[in-house]
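Data block below; observations after.
The values are calculated or read from the model by the stated rules, or taken from the named source; none is laboratory data. Quantities reported herein were computed from a predicted structural model and do not represent experimental measurements. With ligands, DNA and RNA removed, areas are computed over all heavy atoms of the protein, side chains included. Shrake-Rupley method; radii C 1.70, N 1.55, O 1.52, S 1.80 Å.
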Amino acid sequence: MARQTTRRSFLELSAMGLAAAVAPSEVARPAAPGSEAENKTSNVSSKISVWITSDDERFAKAPDVSWRAASPTPGSEQLLLNPGTRFQEILGFGGAFTDAACYTFNRLSPGAREQLFHEFFHPSAMGLSMGRVCVGSSDYSRKLYSYDDGEADPDLTRFSIEHDREYILPILRQARQANPDLFLFSTPWSPPGWMKFNGTMLGGSMRNHYFSVYAKYYLKFLQGYAAEGVPIQALTSQNELDTDQDGRMPACIWPQEYEIQFVREHLGPLLESSGQPTKIWILDHNYNLWGRVLCTLEDDKLRKYSNTVAWHGYAGTPDMMSKVHDVYPDAEMHWTEGGPDYTDPGYLTDWCKWGGTFSAILRNWCRSITAWNLALDEQGRPNIGPFPCGGVVTINSQTNEITRCGQYWAFAHYSRVIRRGAHRFDSQSADADLRHIAFENPDGQRVLVVTNAGPARAVELRLADMMASVPLKSNSLTTLTWR
C-alpha cells in the first residue's frame, strides 16, 4: 500500500486524461504479409455483439451493430483497428485474497458464498483468474501476524501456517473450485519482526544476515500451501519495497542492492535447488520506480531468476512501464495492486475512471491486472492500516448485502470477454479523450473495450475495408465482440 496522500493522488490521476499514459511508441509483432491475422478481415462476420455499462445499466446486452463496406461519414470520429499488429499476451484479471477479504467472504453463508464465487471466478461469469495472497499479515488483516512470531528463531522451529487454515486456505480452495485455472501469486508485507532492525513487522528494514533464513521462510510458506492443495505460481520479493509507511502498518524497506542480493544469492538459488517452480517477480511498487527496475535488470545473475516486474499505480504514470519495456522487451509486466476509496462519492459509479486506467495499464505492456481487496465491509474493514480502501465488492457486516463498486463493473468489461492467452492488437484514434483497447482471444474472437467518460456520441470502427457505427452513451463503458 502507498501513503494515503499518494493513494488519493492515484484516484485523481485515474480520472484525468491519460494521453501521456499511452506509450509514445510501441514495439509490436506485426503479422507477416498474407498471414491469417492480416487476411482474416475479409471473412469477418457482419454481426458485432455489444455490452454497455452506463448511468442506467450494468454490463447490459445492447442491440448488435453490423460491419458494412467502408464509406466514412464526413466529420465522424474513427477508431482504426489493425489485428495484424500484435502486442503482449494476456494472463488474466483478479484481486487480492487478503486476510480481511477472506474473513469477509467467510462470514457469508455457504450458499451465498458459493453463488458469489461463481459470479466472481467461474469462466461463464466474471471469469476472474488472478489472485494475490499475503505472506503473513498485510495492513488489511484482522491482526498483526507472521508465521514465526516471538524471539529470534533462525532454525524456523516455530514456523507454522496454522493461522491461514481457519479461513484463508479454505477460501482459496473454494475459489479454485470455481475456476481451476486461477493463477495465484504471493507477497510479503514484512518478514517476522526478529529479522528486522526495529524488532517489529511495523515499518523498518531487514537485517541482511537473515537473508538465507528468510528465503527458507518463504520456501516453507510455498511448500506449506502446496501441501494444503493451494500451489502458488509466482511470488514477489516484497510489497512496496521503497517505503516503511512511517511504522503504521506491516512494511519493510528493501534498498535496491538488498533486493538484488536476496533474489540473486538466496531466494532464486533456493527455489531452484528445491525444485520449486514458483516464479519470482521484482519491485511490486509504483511506476515512478522504473529507473530502479532498469538498474536491477542490468544484473545478469538476478535475471537468471527473475525477468518479471510487478507494478502499482499510486505514483507516476503507466507510460513509465514502457520505458522498461523499451530497454528489456523480453521482461514481463504485471499490475498487482490498486483499488477504490470507499469514502469517495464515486465509489459505486466510477467505472469510466477504472476503464481508462485499465486501458492505460494494458497499453503499456502489462499481462495482468490484479485489484486490491476483493471484498471488505461497509467501513473498509477489517484492517490495521491507515487507509480508506474499499473492496471490489462491499459485504455489509450486519446484513451481508453485497454491493458492487465502479471498479467491479470496469472489470466486467474486460474479464468477462478477454481470455487467458489473448493478444492485444493495435487500435488508434485521433480523439485523445476516447480510451480504447483491442484483443484477439485464442479462439479468434476479437474484443474492443471503449471508455467514454464524456457526453454521448458515436464512433466509426474501421477494420481494413469495413466500417461499423457504434453509439457511445455518456459516462459509459462499451465492450464489443466479433469473429
> How high is the relative contact order of segment 359-411, in percent, counting Cα pairs under 8 Å that sit 6 or more residues apart?
Replying inline: 26
> Could you give the accessible area per residue of the chain, probe 1.4 Å, as a whole number in Å²?
Replying inline: 36
> So what is the relative contact order of the chain, in percent, for Cα pairs below 8 Å that sit 6 or more residues apart?
Replying inline: 23
>> How much of the DSSP bridge set in the chain is antiparallel, in percent, rounded to the nearest 5?
In response: 55
> Using a ≥ b ≥ c from the Cα gyration tensor of segment 351-430 (square roots of the eigenvalues), is it rounded, prolate or oblate, where a/c under 1.5 gives rounded and otherwise the larger of a/b and b/c decides, a/b for prolate?
Replying inline: prolate
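Averaged over all directions, how much area does the convex hull of the C-alpha atoms of segment 252-372 cover when projected, in nm²?
Values: hull surface 33.5 nm².
Value for segment 252-372: 8.4 nm².
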>> Rounded to the nearest 5, what % of DSSP beta bridges with both residues in segment 87-227 are antiparallel?
In response: 10
>> List the residues, sorted by chain then number, that are 5 or more residues from Lys279 or on another chain and whose placed amide H is less than 5 Å from its amide H.
In response: Ala234, Leu235
>> Show me, for segment 122-138, the HN-Hα J-couplings you get by feeding each phi into the Karplus relation (A = 6.51, B = -1.76, C = 1.60, θ = phi - 60°), rounded to Hz, glycine and proline as x.
In response: 5, x, 7, 10, 5, x, 4, 10, 10, x, 9, 10, 8, 8, x, 7, 9
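Using a 1.4 angstrom probe on the protein heavy atoms only, could you order Tyr103, Tyr347 from most to least accessible area?
Details: Tyr103 65, Tyr347 20 Å².
So the residues, ranked largest to smallest area, are Tyr103, Tyr347.
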>> Please compute, for the alpha-carbon atoms of segment 347-483, the extent along each of the three principal axes and give them in descending order in Å.
In response: 56, 34, 25
> Could you give the length gained on full extension between Lys61 and Lys304, defined as 0.36 nm per residue of separation minus the Cα-Cα distance, in nm?
Replying inline: 82.8 nm
> To the nearest 10 degrees, how steep is helix 110-121 against the longest Cα principal axis of the chain, on a 0 to 90 scale?
Replying inline: 60
> In the full protein assembly as shown, how much of Ile402 is accessible to a 1.4 Å probe, in Å² to the nearest 10?
Replying inline: 40
> Computed over the Cα atoms of the chain, what is the ratio Rg over Rh, Rh following Kirkwood?
Replying inline: 0.97
> Once the Cα atoms of segment 82-183 are picked out, what are the Rg and Dmax in Å?
Replying inline: 17.2, 60
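Calculate the translational D of segment 137-270 in whole µm² s⁻¹ from Stokes-Einstein, where the hydrodynamic radius comes from the Kirkwood formula applied to all Cα pairs, the temperature is 37 °C and the viscosity 0.692 mPa s. Present the calculation step by step, with values, prior to reporting the outcome.
Working: Rh = 15.4 Å.
Result for D is 213 µm²/s.
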> Helix 351-362: angle to the longest alpha-carbon principal axis of the chain, degrees 0 to 90, nearest 10?
Replying inline: 80
>> Can you compute 3J(HN,Hα) from phi for each residue in segment 219-232, using the Karplus curve 6.51 cos²θ - 1.76 cosθ + 1.60 with θ = phi - 60°, rounded to whole Hz and x for Gly and Pro?
In response: 4, 5, 4, 4, 5, x, 5, 4, 5, 8, x, 10, x, 9
> Taking 0.36 nm per residue of separation and subtracting the Cα-Cα distance, what length does fully extending Ser273 through Gln233 add?
Replying inline: 12.7 nm
> Along segment 468-483, what does the Karplus equation 6.51 cos²θ - 1.76 cosθ + 1.60 (θ = phi - 60°) give for ³J(HN,Hα), rounded to whole Hz, x for Gly and Pro?
Replying inline: 8, 8, 10, x, 10, 6, 5, 6, 9, 10, 10, 10, 10, 9, 7, 10
> For segment 404-453, treating each Cα as an identical point scatterer without solvent, what Debye log10 I(q)/I(0) comes out at q = 0.14, 0.20, 0.23, 0.31 1/Å?
Replying inline: -0.40, -0.74, -0.90, -1.15
> Any idea what log10 I(q)/I(0) is at q = 0.13, 0.16, 0.17, 0.27 Å⁻¹ for segment 127-190, Debye with uniform C-alpha scatterers and no solvent?
Replying inline: -0.43, -0.62, -0.69, -1.23
> Sorted by accessible area with a 1.4 angstrom probe, largest first, how do His423, His122, His312 fall?
Replying inline: His122, His423, His312
> Where the accessible area of the chain is counted over protein heavy atoms with a 1.4 Å probe, how much of it, in %, is carbon and sulfur?
Replying inline: 50
>> Defining a contact as two alpha carbons under 8 Å apart and six or more residues distant in sequence, what relative contact order in percent does segment 159-289 show?
In response: 28
> Check Ile437: other-chain or 5+ apart residues with amide H under 5 Å from its amide H, H built from backbone geometry?
Replying inline: Val449
> In degrees from 0 to 90, rounded to the nearest 10, what is the angle of the helix 406-415 Cα long axis to the longest principal axis of the chain?
Replying inline: 70
